[in-house]
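Contents: one structure, followed by commentary.
The values are calculated or read from the model by the stated rules, or taken from the named source; none is laboratory data. Values in this document were obtained by computation on a predicted structure and should not be read as measured data. When we count neighbours, we look across all protein chains shown, and the Cβ atoms used for this are built from the backbone with ideal geometry, even at glycine. Side chains are part of the model used for accessible areas, which takes the heavy atoms of the whole protein and leaves out ligands, DNA and RNA. Shrake-Rupley method; radii C 1.70, N 1.55, O 1.52, S 1.80 Å.
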Amino acid sequence: MVKNYVLDTNTLIHDPKAIFNFQDNNVIIPFPVLEEIDKLKTRQDKVAKSARDVNRILDKLRKKGNLHSGIKLENGGILKIMTLNKNYDNEIPRYLGKSMDDFIIFYALYLQKTDPVKTIIVSKDLNLRVKADAMGIESQDYLTDKVDMELLPKGYISIKNEKLDIKKQKYIKDDILKDTELLPNMYINLNDILFRYKKSTNELIPLVVDLNTEIFGITPKNIEQVFAIDALLNPDIPFISLIGIAGTGKTLISIAAGLEMIFNLKLYKKILVSKPVIPMGKEIGFLPGNVEEKMKPWLQPIYDNLEFLFEGKGKKPDEFLMKKDILEIEVLSYIRGRSIPSQYMIIDEAQNLTPAEIKTIITRVGEGTKIILTGDPYQIDNPYLDASSNGLVYATNKFKNSELSSHVIMVKGERSNLATVAAKIL
């Protein structure tokens, strides 16, 4: 049955192509949403880029018909820009204010009363969805790019079988693992002997990395870190995602592996590091200095890990690395249009990026570059993302069947007992 889907501004900013993702239903954009899009397009950030993308899409569509009457979309749906006459002000319930959210709710309420087709508001704003429900209007989150975290593969499996002869790998693959779904570059712990599955040749590759392997002065503290380090040190796997709670070592081992591959293995030219600039709490205002100086407060966890890795070496890591042109700090807003070859990229706190932003970043990767996404999907500062809709989980899920990628979900905290317990119970 055809439905009316009323799109909130934040849904279009989250995904400018959301218009095309509602199959053969009616996609309704209230006129106040266009007003808000117009105000956002002049900002100097990723939101402005999305706003301009929305304008370009609508301008292209309007050449096919009348936006007010409705334009037939290729998927069978119809797009309409909804406007109301000036007298509608008298019809707005007194308890609705003059905020943009209230106008969108009123438009949906008006549509619900005048059109027999079922009306649903689609918004990334939890409060708007609650208010819509209170007004008797069905609402939902934008679900197209959501991934159920519970269904995301861990990236490794463990099997215990006392009768198993580990040396007979064919027997292992064809019998013991015949009922197990093995994804490319999945790690396997068979009776405490570790393998990586190479799907193209249907092989179990024994790991060279173990708990005694040292990379840039550190050794892995658990099996999860062994798996992660093996993937990080493999130049044939250009995309790595490390997902885990605070203190699991995601960032530390990513940096250590990068330094190892630059200084000792000579595989990359430099490390490029960035993260989303989203404050936790109040803004601190203007920051003076160049790009590196402005970004340093946001990247302090990176610098903390560098200090730890360079401890005892008699060098200040950031000064040493930048002097040798080995460390580059990049603002994600400036990455669009770049081609980045032969570098080791770390995007920290990637859970605060949208799927569209993650796509922008990964498509900048040039020949010979390795990119690592790290983050904790349960510690999100972006108000319109959650554990299921963020770019880190989205990209991990999309790449799970690709031989170009490997991911490890890390659950064992190693920072301290207090940090591990806090991550679980707070």
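Here are some notes:
- Measuring spread by the Cα atoms of the chain yields a radius of gyration and Dmax of 24.9, 81 Å.
- D192 paired with K269, simple spin-label distance in nm, labels 7 Å along Cα-to-beta-carbon: 4.6
- With a simple spin-label model that places each label point 7 Å from the Cα along the Cα-to-Cβ direction, the separation between M322 and V277 comes to 1.5 nm.
- Placing a label point 7 Å from the Cα of S416 along the Cα-to-Cβ direction, the residues of the range 299-315 whose backbone N falls under 19 Å of that point are 300-309.
- Protein accessible area in the chain, 1.4 Å probe - carbon and sulfur %: 51
- If the chain linking V130 and K424 were pulled fully straight, counting 0.36 nm for each residue of separation and taking away their Cα-Cα distance, it would gain 103.1 nm.
- Among 192-203, 105-116, the peptide with the highest mean count of other Cβ atoms within 10 Å heads the list, and the full ranking is 105-116, 192-203.
- Peptides 5-17, 371-383 ranked from most to least packed by the mean count of surrounding Cβ atoms within 10 Å: 5-17, 371-383.
- Backbone N under 20 Å from the F308 label point (7 Å along Cα→Cβ), restricted to the range 382-425: 408-425
- Protein heavy-atom accessible surface, 1.4 Å probe, per residue over the chain: 51 Å².
- Values of log10 I(q)/I(0), in the order q = 0.13, 0.18 Å⁻¹, for the range 215-425 under a Debye, Cα-only, solvent-free model: -0.71, -1.49
- If you take the Cα centroid of the range 105-167 and the Cα centroid of the range 13-53, the two points sit 20 Å apart.
- Mean shadow area of the range 4-141, taken as a quarter of the surface of its Cα convex hull (nm²): 8.2
- R0 of 41 Å, Cβ-Cβ distance K64-R43: FRET efficiency to nearest 0.05: 0.90
- Part-to-part distance (alpha-carbon centres) for the range 223-251 and the range 252-275, which is given in Å: 13
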